[in-house]
Amino acid sequence: MFNTRLLVSFFEFFLAVVMSGFIISLTYRIFIKANPDFDMEEEIKKGNVAVGTLVAAILFAASMILQKGMGSVVSMFRMHISAPGESAMGLGKLALLCAAHLGLSMLLAVVTISVTLRLFGKLVRSLHAGKELEKGNLAVGIVLGSVVLVAALYVGEGVSAISKALVPQPSIGQIEIMK
């Protein structure tokens, strides 16, 4: 039992390291390129703290959401390792299912952050957030970053619930009750 727990712990650690690098790289590329108002990367190079604050909040929010999806992946791996006879799926199918769970979590993170920023922009049109960020308005960067983080807190729980619901459960079989 100790070896199983140790193996699952190493798997979780390895998955966390790989996913942290992946989420940082992908999220940075997606959101830096997705801004139609101005070049965020150029603004960061100039030292625009407002844009840097928003990008940092986006990276943090995406990783919070993805972390919620990782729980079910670790649970599936633990179930596969601890009860290999009960699991009807092979290691290849398990890897595909894990990748699908992580992909769904990543997709939900990107959609959540994008929709949150666009919705906030529509609700507060008088703010002109894109122009204010480009000017270096730190207050706007902090507010937008906070909006993204609040949305991620709530959506993360939903991602966790969806991901847990999609975890295949082992069958118990038939139980006979004796008289």
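The values are calculated or read from the model by the stated rules, or taken from the named source; none is laboratory data. Source: prediction; values computed, not measured. When we count neighbours, we look across all protein chains shown, and the Cβ atoms used for this are built from the backbone with ideal geometry, even at glycine.
Being outside any helix (DSSP H, G or I), touching a residue at least 40 places away in the same chain (Cβ under 8 Å) and at negative phi is the filter here, so list the residues in region 107-158 that pass it. Don't jump to the end; show me each part of the working.
Residues of region 107-158 outside any helix (DSSP H, G or I): 124, 128, 136-137.
Those left that are additionally touching a residue at least 40 places away in the same chain (Cβ under 8 Å): 136-137.
Result: Asn137, single match.
Tell me, please, whether a residue that is under 21 Å from Val150 (Cα atoms) and without any contact (Cβ under 8 Å) to a residue 60 or more places away in the chain can be found in region 9-18. There is no residue in region 9-18 that is under 21 Å from Val150 (Cα atoms) and without any contact (Cβ under 8 Å) to a residue 60 or more places away in the chain.
Evaluating Thr53 against the criteria (1) surrounded by 12 or more Cβ atoms within 10 Å (Cβ to Cβ); (2) over 23 Å from the mean Cα position of the chain (by Cα); (3) at pLDDT 90 or above leaves one unmet condition, (2).
The sole residue among Ile30, Ile81 that is within 20 Å of the chain's Cα centre (by Cα) and modelled with pLDDT under 90 is Ile30.
Residues that are more than 16 Å from Ile65 (Cβ to Cβ) and outside any helix (DSSP H, G or I): does region 24-36 have at least one? Yes: region 24-36 contains one or more residues that are more than 16 Å from Ile65 (Cβ to Cβ) and outside any helix (DSSP H, G or I).
Looking at Leu59, Leu94, just one residue is within 22 Å of the chain's Cα centre (by Cα), surrounded by 13 or more Cβ atoms within 10 Å (Cβ to Cβ) and more than 19 Å from Ala165 (Cβ to Cβ), and that residue is Leu59.
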